[in-house]
Amino acid sequence: MSRPVTPVAREERPAPASDASEPLGAVYAVRTLRTDAEREEAAALVQDRQRWLTLRGLPVPAQADVPALFRDPQTKSAGLFEDGKLLACMVPARDPGLSWGEGPCLRLGRVHTLPDQSDDITRLITLWASDLAARQSLPLVRAEVLARHALQAEPMAALLRRLTDMGWDVRGSGPGREGDRVARLELTAEHRPGLSALISCQAHVPHLTADDRSSA
């Protein structure tokens, strides 16, 4: 049976999360998508999310075939799971700095969540990413959200308000990595002792590749 997503309050500071030893009783797990079945499940989740966005008149990437990206075993993708159910997928990478940001960061690319619980799932990803960045001695997490219109216009403004409530800072808008106009987001890295009791981390350690250097 699937448990409801239960976000953790930002004030909670329960002992450093460690990739080497994760508690077996964690409710959620972030792990690398290693099998064809997991990658196909991620591609299906992306398609469902994009369909949901399209039906509401919200933007989806104009150029990239994102489902195909998640099917590709060369993509270093990861998923957030609850009891074996995929809640979200993403491509975490260590980045020396996006075109709009200075210095190294943990870059969260291609984040897609189940449509019906997106806020709660995003909060879990936020907690995990800020802790992972801190454990990798990276000062920031950076991400991009498609924004075809002014950031002050709805529904984008409401989305950004929810993200800032979770701890993200909006750094304006402009061209993203794929050329689409995006809202630029930063999150301060923060050690979250005890988070591994809620979210076990079984994902690969993000690293800088030649592709990252050329496309940053």
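The values are calculated or read from the model by the stated rules, or taken from the named source; none is laboratory data. Computed from a prediction, not measured in an experiment: that's the story for all the values here. Counting neighbours? That spans all protein chains shown, and the Cβs are built from the backbone with ideal geometry, glycine included.
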* Structure fact -> Within segment 144-167, the residues that are among the acidic types (Asp, Glu) and not in a loop (DSSP other than H, G, I, E, B) are Glu144, Asp165
* Asked: Is there a residue being modelled with pLDDT under 90, acidic (Asp, Glu) and either surrounded by fewer than 21 Cβ atoms within 10 Å (Cβ to Cβ) or touching a strand residue (DSSP E or B) at 6+ places or on another chain (Cβ under 7 Å) (or both) anywhere in segment 126-147?
  -> no
* Asked: From the list Gln74, Gln47, which one is within 17 Å of the chain's Cα centre (by Cα), modelled with pLDDT of 75 or more and loosely packed, with under 15 Cβ neighbours inside 10 Å?
  -> Gln47
* To do: Output the residues belonging to segment 177-195 that are surrounded by fewer than 21 Cβ atoms within 10 Å (Cβ to Cβ) and more than 23 Å from Gln136 (Cβ to Cβ).
  => Glu178, Gly179, Asp180, Arg181
* To do: Go through Ala26, Ala20 for me and flag whichever is modelled with pLDDT of 70 or more, in a loop (DSSP other than H, G, I, E, B) and within 24 Å of Asp131 (Cα to Cα).
  => Ala26
